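Colleague: Provided herewith is a single structure, encoded as structure tokens, for subsequent inquiry.
Read-outs: derived from the displayed coordinates by stated rules, not from any lab. The structure displayed is predicted, hence computed values, not measured ones. Every residue, glycine among them, receives a Cβ derived from its backbone with ideal geometry; neighbour counts consider all protein chains shown.
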Amino acid sequence: MFHRSSSNHPCVPWKKGKLMGQKLPLTMQEIWSIRIRLQGIGNGRDLALFNLAIDSKLRACDLLSLRVSDVASGTEVQSKAIIRQKKTKRPVRFEITARTRKSVEEWMEAQDLKGSDYLFPSRLRSSPHLSLRQYARVVESWVSSIGLDPTGCGTHSLRRTKATLIYRRTKNLRAVQLLLGHTNLDSTVRYLGIEIDDALEMSEQIDV
């Protein structure tokens, strides 16, 4: 089911216009360090948010706009979902792994979230769900907690993480394009920065 949004505005980063630089994806070790830390402190919301951000590869505005009905049937989170992206207006599908389904279901149960409820509601009256600014602060706390420099990581790091891992393992650029919901392959190439990465990898293999 396509999710509904309280706004008709396109997906615009809250830091638009500032020189931020491309945010690095997380490594497997960093993913697990954050995940274990969130599990250890019993932060159910952040664990569900983190796991779903990694799995879905959604832009922050689409992730935060998710409603329960977008990912779940009743109290059961589905293994696949589809939403319409705010930026491109095109549908994109994503998988939800067993680990993520469990953390999201536990979060939904703890908060008694139902169908049309936002999956990650805001505690502030000014916003029905977590805002981009709030999310950015949450991500900063995650990466800082495991000793990473938050200036090198951000909300886009989570979108890039699984896509980058998939590309490195399979070299299937078309598959990554579909998973990210990009309209053309050039966007995916630029987004992952793979041309320079692949060039350096080939160069390192040549001993002269």
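Colleague: Got a sec? How would 35, 133 order by Cβ neighbour count within 10 Å, fewest to most?
Modeller: So the residues, fewest neighbours to most, are 133, 35.
Colleague: Also: Given +1 on the Cβ of Lys and Arg, -1 on the Cβ of Asp and Glu, and no further charges, what dipole in debye does the range 28-204 carry about its Cα centre, rounded to the nearest 20?
Modeller: With only Lys, Arg, Asp and Glu charged at Cβ, the dipole is about 580 debye.
Colleague: Let me ask you something else. What is the fewest-to-most order of 160, 123 by other Cβ atoms lying within 10 Å of their Cβ?
Modeller: In increasing order of surrounding Cβ atoms, one gets 123, 160.
Colleague: Order the peptides 80-93, 46-59 from the highest to the lowest mean number of other Cβ atoms within 10 Å of their residues.
Modeller: Packing order, densest peptide first, comes out as 46-59, 80-93.
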